[in-house]
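**Student:** There's a structure below that I have some questions on.
None of the figures in this text is laboratory data; all of them are computed from the coordinates on show. Owing to the predicted nature of the structure, the values given are computational and were not obtained by experimental measurement. Ideal geometry is used to build each Cβ from the backbone, glycine not excepted, and the neighbour counts take in all protein chains shown.
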Amino acid sequence: MNPESAAPWITVEDVEVRFPIRRGVLARVKGHVHAVGGISLEIARGETLGLAGESGCGKTTLGRVLAGLERPTAGAVKLDGEILFSPQRKKPPTKDQRRRIQMVFQDPMASLNPRLTIGDLLTEGMAEHRMLKGESRDAAAVRLLAEVGLDESALWKYPFEFSGGQRQRICIARALSLRPDLVVCDEVVSALDVSVQAQVINLLADLRRKHGLAYLMIAHDLSVLRHVSHRIAVMYLGRLAEVGPAESLVAAPKHPYAQALVAAVPVPGTKRKRKALPGEPPSAANPPPGCPFHPRCPQALPICRTQAPASREVDGHRVWCHLY
Ligand SMILES: Nc1ncnc2c1ncn2[C@@H]1O[C@H](COP(=O)(O)OP(=O)(O)O)[C@@H](O)[C@H]1O
Ligand code: SF4
Ligand SMILES: [Mg+2]
């Protein structure tokens with residue numbers, strides 16, 4: 001699978017997000033959670049970049065930074081070379097710049113206002129961005145519903161009248177209503193019944209081809225990502241461990257953490273057993289020095305305890321590990 005163009009288009013440069021930890025009646029800052037600890041990557045037009053890693057490693061925070069919902073504490077997100085989000089950027093991004101990156105969340109019920117009809121939910125973004133006029137907005141809403149496989153009658157209904165899978169289709173239609181270039185899909189099928197997960201994934205793949213969309217597809221394991229991504233990035237405790245073409249990353253991961261993540265995915269048709277990674281990731285409030293994975297790494301070297309590894313190119317993958 002090759003994206004339409006391999007030229008970097010969205011670039012994430014040394015992005016860091018630290019959340020203050022406040023304690024006591026005066027809410028004094030007692031430390032920071034290093035949710036994202038300096039990440040650089042790029043996404044090409046029309047590309048699906050998978051982002052994998054255990055719960056709490058910073059995937060959602062990174063996705064929220066891309067969608068402009070969280071400000072990075074350092075670094076920058078650029079679109080076509082222009083800074084979109086950065087602590088240095090004084091003026092806020094324009095409406096049009098914000099429109100170009102949308103996000104779909106894990107829980108469709110929580111992200112749809114229960115008091116609005118589907119018609120209102122699908123047209124409110126268009127109204128805010130002054131796209132189209134009243135009547136043509138309604139026509140656009142009907143077209144969006146058809147694109148996600150829902151009937152026109154949905155326009156006058158409320159979110160509670162739909163199943164989980166249908167609600168997620170509505171969230172996807174709402175994201176598309178602004179004609180974005182990139183959609184951040186944060187665990188969009190993890191809350192759905194297994195029977196409808198594949199339908200939603202296939203729908204996203206069809207929409208990508210039809211509209212030339214790019215996706216940042218976030219998931220905690222590789223079972224979904226391996227089939228839909230061009231490349232996969234593996235994150236551990238706020239940092240990247242490995243980035244590579246999806247097929248070869250799953251077939252031959254280089255980083256010990258990526259290897260553990262691959263081993264945790266059952267392979268249909270083979271005898272390979274699911275092997276869970278032992279231990280819990282350390283707290284992001286107190287990340288270990290050196291390589292963040294060293295307390296759990298079966299191949300750790302003495303240097304891993306003190307020096308964070310720089311990235312190296314290994315067989316077409318970018319790998320952050322002292323073994324290479
Ligand atoms: N608004 C917040 N305030 C404080 N800590 C946060 C906030 N959002 C996320 N975190 C912390 O940042 C880390 C990364 O969280 P998150 O990005 O949600 O990870 P993931 O999506 O990979 O599960 C976690 O330790 C989480 O507790
Ligand atoms: S840098 Fe060291 S601790 Fe980290 S993954 Fe590589 S071998 Fe393991
Ligand atoms: Mg998350």
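**Student:** Mind running the shape call on segment 148-201? Use the C-alpha gyration tensor, a ≥ b ≥ c as the square roots of the eigenvalues: rounded below 1.5 for a/c, prolate if a/b tops b/c, oblate otherwise.
**Tutor:** Cα axes put segment 148-201 in the oblate bin.
**Student:** Continuing with the same structure: Computed FRET efficiency, Cβ-Cβ of Lys157 and Lys210, R0 30 Å: what is it to the nearest 0.05?
**Tutor:** FRET efficiency, Lys157 to Lys210: 0.75.
**Student:** What longest region of the chain stays clear of trypsin sites (Lys or Arg not before Pro) that DSSP places outside H, G, I, E and B and that have at most 16 other Cβ atoms within 10 Å?
**Tutor:** No qualifying site falls inside 158-270, the longest such stretch.
**Student:** Follow-up question, since we're still on this one. Of the cross-linked pairs Lys133/Lys157; Lys78/Lys157; Lys78/Lys275; Lys30/Lys254, which ones have a Cα-Cα span greater than 30 Å in the structure shown?
**Tutor:** Correct reply: Lys78/Lys157; Lys78/Lys275; Lys30/Lys254.
**Student:** To the nearest 10 degrees, how steeply does helix 118-128 sit against the main Cα axis of the chain, on a 0 to 90 scale?
**Tutor:** 80 degrees
**Student:** Applying the Karplus parametrisation 6.51 cos²θ - 1.76 cosθ + 1.60 with θ = phi - 60° to the phi angles of segment 21-36, what ³J(HN,Hα) value in whole Hz is obtained for each residue in order, glycine and proline being reported as x?
**Tutor:** With the stated coefficients, segment 21-36 comes to 9, 9, 9, x, 5, 8, 6, 6, 6, 9, x, 9, 8, 8, 5, 10 Hz.
**Student:** Let me ask something else. Determine the dipole magnitude for the chain: charges of +1 sit on the beta-carbon of Lys and Arg, -1 on that of Asp and Glu, nothing else is charged, the reference point is the Cα centre, and the result goes in debye to the nearest 20.
**Tutor:** 840 debye
**Student:** For segment 43-100 and segment 211-268, what is the centre-to-centre distance using only Cα atoms, to the nearest Å?
**Tutor:** 20 Å
**Student:** Whose amide H sits under 5 Å from the amide H of Ala214, counting only residues 5 or more places off or on another chain, with H placed in the peptide plane?
**Tutor:** Amide H to amide H, under 5 Å and 5 or more residues apart or across chains, Ala214 pairs with Gly46, Leu182, Val183.
**Student:** Out of the DSSP beta bridges found with both residues in the chain, what percent are antiparallel (nearest 5)?
**Tutor:** For the chain, the DSSP antiparallel bridge percentage is about 65.
**Student:** Quick one: angle between helix 164-176 and the longest Cα principal axis of the chain, in degrees between 0 and 90, rounded to 10, please.
**Tutor:** That helix lies at roughly 80 degrees to the long axis.
**Student:** Could you give the nm distance between label points at Ser311 and Asp107, where each point is 7 Å from its Cα heading toward the beta carbon?
**Tutor:** So the two model labels end up 3.3 nm from each other.
**Student:** Which of the three applies to segment 48-173, rounded, prolate or oblate, going by the alpha-carbon gyration tensor with a ≥ b ≥ c and a/c under 1.5 meaning rounded?
**Tutor:** oblate
**Student:** To continue, here is another question. What is the order of Ile101, Ile10, fewest Cβ neighbours within 10 Å to most?
**Tutor:** Ranked by crowding around the Cβ, least crowded first: Ile10, Ile101.
**Student:** I would also like to ask the following. List every residue whose amide H lies under 5 Å from the amide H of Cys321, counting only residues 5 or more places away in sequence or on a different chain, with H placed 1.01 Å from N in the peptide plane.
**Tutor:** Arg312
**Student:** So, one more: Leu323 to Asp14: extension gain in nm, 0.36 nm per residue of separation minus the Cα-Cα distance?
**Tutor:** Gain on extension, Leu323 to Asp14, equals 108.9 nm.
**Student:** For the chain, what does the helix formula give at 222 nm: sum of -39500 (n - 2.57) over DSSP H segments with n ≥ 4, over the residue count, nearest 500 deg cm²/dmol?
**Tutor:** Values: 10 runs with 94 residues, N = 324.
The helix contribution divided over the chain gives -8500 deg cm²/dmol.
**Student:** In segment 1-75, if the dipole is taken from +1 on Lys/Arg beta carbons and -1 on Asp/Glu beta carbons about the Cα centre, which of Ala67, Val12, Ala27 is farthest to the positive end?
**Tutor:** Result: Ala27.
**Student:** On to the next question. Using a Gaussian network model of the chain with C-alpha springs under 10 Å, which one of Ser153, Ser311, Ser40 is most mobile by mean-square fluctuation?
**Tutor:** Between Ser153, Ser311, Ser40, it is Ser153 that shows the largest mean-square fluctuation.
**Student:** Net charge around Val189, counting only other residues with Cβ within less than 13 Å of its Cβ (Lys, Arg = +1; Asp, Glu = -1)?
**Tutor:** -3
**Student:** Based on alpha-carbon atoms only, what is the radius of gyration of the chain relative to the globular estimate 2.2 N^0.38 Å?
**Tutor:** 1.03
**Student:** Output wanted: per-residue J couplings in Hz (rounded whole) for segment 81-91, from phi through Karplus 6.51 cos²θ - 1.76 cosθ + 1.60, θ = phi - 60°, x for Gly and Pro.
**Tutor:** Those phi angles translate into x, 9, 5, 9, 10, 6, x, 6, 6, 7, 7 Hz.
**Student:** For segment 96-235, what log10 I(q)/I(0) values come out of the Debye formula at q = 0.13, 0.18, 0.20, 0.22 1/Å, with one point per alpha carbon and no solvent?
**Tutor:** -0.53, -1.02, -1.26, -1.50
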